[in-house]
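Student: My questions all concern the structure below.
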Amino acid sequence: MTDRTLLLRALARVVAAAPAAPVTERLCRGTVGLLGAGGAVLTCAPAGPSRFAAFATDDVAARLDEIEELVGDGPGLRAFRSGRSVGTVLGDPDDAAEDLPVFAVLAGEVADGAVAVRSWPVRSGGSAVAVLTVHGLPLGGPQDEGRGRPSGPGETVQDGQVLADALAPVVVGAGGLDLLDRRVHRAVGMVVAQTGLAPEDATALLRAR
């Protein structure tokens, strides 16, 4: 089973060690690395007229998001609306996890060979505010960092949800430290000391927990 605390600590370390960049970019790239994926796109309000891609790590991720917006269907929209993770395997209908015929045809032209695509709702206060779509997940499951073995599909889904929810404070606004009580102030200080994160980044990770 996913260890939420260890996973968020791993994300904090990756974000702290990343080159200087907006926190959204560092969190997305860190999530891609921890899942062993090829890339990701964070899409805000995907089901509404104000839909926009906050960040895409690569051209493939950006194009998959554009295709989903064009056809009005895809793993991202379904994950956002259902509140659960939705996945498919492009280029290999026999292994597709969900029935996404139109999206699969167009997206298959973007992907090179069989490519696993999975989306997670980014949740804040129990409601989805965005969606994280990842492509290039190893078909056998990503390497389970720190445990020396590949993680299974179920564990991948759980890990992805923890990491997706860690993006919520960035989407909705992490807020200032003056809004935190003394206990959270101390926790932020400890995260900053242990990881080197900026206070606002540490606050975002703590609120994701």
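No lab work stands behind these numbers, since they all come straight from the coordinates. Every value quoted in this text rests on a predicted model; they were computed, and no experiment measured them.
Student: Taking amide H atoms as placed 1.01 Å from N in the peptide plane, list the residues 5 or more away in sequence, or in a different chain, whose amide H sits under 5 Å from that of residue 55.
Tutor: 42
Student: From the phi angles alone, apply the Karplus equation (6.51, -1.76, 1.60; θ = phi - 60°) to segment 43-59 and give each ³J(HN,Hα) in whole Hz, x where the residue is Gly or Pro.
Tutor: In residue order, the calculated couplings are 10, 8, 6, x, 9, x, x, 8, 3, 7, 8, 5, 6, 10, 6, 7, 5 Hz.
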